[in-house]
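Before any comments, here is the structure.
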Amino acid sequence: MIKAVFFDLYQTLVHFEPPREEMQSKLLEEYDIRIPPEKLLYPIVAGDEYMYAEHARLPFGKRTEEDRIAIWGKYEAIVLKEAGIEPRKELIGSILKRMQQIKFERALFDDVLPSLGGLRDKGLILGLISNVDSDIKPVLDNLGLSPFLSAVLTSLDSGYSKPQPEIFREAARRVGIKPAESAYVGDQYQIDVVGAENAGMRGILLDRGGYFNGDIKELKINTLFQLEKNLT
């Protein structure tokens, strides 16, 4: 029986405003490369997957500045290549420089607060597990997420990063349940779903854009509104 549900943060509960695909599209127009924002959605997902894997290997806060720059360069190269654009070095450098000048705000997906409220009303414990190496409490407070979360565990707090099983198991311990009594919802299959399953949790893939085409045995949902009927 599932007693608690833990969530990933970015691209699961929270997205960026202005949308990254719109900013990428506008910047590419300056180089006479015209590609609509919706065609950049999957390339950004592919880039994110690379970034999450690198963070899991070694948190960015523990890396040199040179290493971080190289990783961001590889990220942008992946985005461009997946979009069918030649990842020229000068183009990568220019886009990254311009993207750094944009002030991105964090915003909740529309299904987040209603879904969390419904799950909480059903008596489920809710929590957050995220690979971030900074204090995210102000972010959670500003977004109105804090009142819903009984436990917030980050790689900064725990010393572990997803998909390491320790970070999942510690989150379950903090709310007083066994990993087998909890589920974890995230947008990355290997980092989130497989990581949670290896820790003894039930892993659930949130595939908002319908990009994941692989065959999986775990539950896959396209919106958080589908959670309640699958857990209670």
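Brief remarks on what is shown
- Residue in region 138-155 that is among the aliphatic types (A, V, I, L, M), modelled with pLDDT under 95 and under 22 Å from residue 68 (Cβ atoms) present: no
- Check on residue 192, of a type in the set (Asp, Glu) and at pLDDT 95 or above: yes
- In region 170-219, of all residues being within 26 Å of residue 37 (Cβ to Cβ) and among the small types (Gly, Ala, Ser), the one that is nearest to the chain's Cα centre (by Cα) corresponds to 186.
Residue-wise test of (1) closer than 26 Å to residue 23 by Cβ; (2) free of Cβ contacts under 8 Å to residues at least 12 places away in the same chain; (3) of a type outside the set (A, V, I, L, M, F, W, C).
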site	(1), (2), (3)
101	yes, yes, yes
105	yes, no, yes
110	yes, yes, yes
113	yes, no, no
120	no, no, yes
123	no, yes, yes
130	yes, no, yes
134	yes, no, yes
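- Residue in region 165-179 that is within 27 Å of residue 40 (Cβ to Cβ), among the hydrophobic types (A, V, I, L, M, F, W, C), surrounded by 20 or more Cβ atoms within 10 Å (Cβ to Cβ) and not assigned by TED's automatic domain parsing to the domain that holds residue 68 present: no
- Listed by position, the strands (runs of 3 or more DSSP E) contained in region 153-228 that have at least 2 residues being out of contact with any Pro (no Cβ under 8 Å at 6 or more places or on another chain) and touching a residue at least 40 places away in the same chain (Cβ under 8 Å) are 182-186, 202-206.
- Qualifying positions in region 118-136 - surrounded by 13 or more Cβ atoms within 10 Å (Cβ to Cβ) and part of a helix (DSSP H, G or I): 118, 119, 120
- Some residue of region 107-114 being at pLDDT 95 or above, surrounded by 15 or more Cβ atoms within 10 Å (Cβ to Cβ) and in a helix (DSSP H, G or I): yes
The values are calculated or read from the model by the stated rules, or taken from the named source; none is laboratory data. The shown structure was predicted, so the numbers you read here are calculated from the model rather than taken from an experiment. Neighbour counts run over all protein chains shown; Cβ positions are idealised from the backbone, glycine included.
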